[in-house]
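Read through the structure below, which is laid out as structure tokens, and then see the notes.
Nothing in this text is a laboratory measurement; each read-out follows from the coordinates by a stated rule. What you see is a predicted model; the values in this text were computed from it and never measured. Neighbour counts run over all protein chains shown; Cβ positions are idealised from the backbone, glycine included.
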Amino acid sequence: MQQIQIIGNLGEDCQTREFNGRRFVSFRVACSEKIQTNEGPKEVTTWYSCTYNKMDSGVLQYLVKGTKVFVQGRPTYRLYDSATFHCKMIDVSIFVDLIQLCGGRSDQTEQTTDQSDDDAKPF
């Protein structure tokens, strides 16, 4: 049995779908890495299509665009002709067994407020 583990950001909010009377959730995860090429550093992104069958999971409400997740499951591969790149491409899909949240959305930043001594209030 094959297993794949990825950490990446959701490209869009998860979607609830139905096929042959069975409900499932689908979402796409982008995994980016920086590589060194002859032209210099470059960021390469790989997209994974994910299917999750546990509709009663409490994590579903947090599967929104930009959320960083850890996903583990069984991969499947499909060869197709890309109209955009005019070549053969491989689609990687994952039948998800486990999802874990890895923090907030990738575009959220931690906000702190600085108070000067003049603004400080005694207890």
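Numbers for the structure displayed
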{"quantity": "Cα-projected label distance for residue 88 with residue 70, points at 7 Å along beta-carbon direction, nm", "calculated": "3.6 nm"}
{"quantity": "Low-density loop cleavage sites - GluC sites (Glu not before Pro) in the stretch 1-80, where at most 11 other Cβ are within 10 Å (DSSP)", "calculated": "39"}
{"quantity": "Stretchable slack from residue 95 to residue 32, in nm (0.36 nm times residue separation minus alpha-carbon distance)", "calculated": "20.6 nm"}
{"quantity": "Local electrostatic count at residue 51 - Lys and Arg +1, Asp and Glu -1, tallied over other residues with Cβ under 14 Å", "calculated": "+4"}
{"quantity": "Sparse-neighbourhood loop sites, chymotrypsin sites (Phe, Trp or Tyr not before Pro) in the stretch 7-111 - DSSP loop, at most 13 other Cβ within 10 angstrom", "calculated": "85"}
{"quantity": "Under 20 Å from residue 34, Cα to Cα: lysines that are on another chain or at least 8 residues apart", "calculated": "42, 68"}
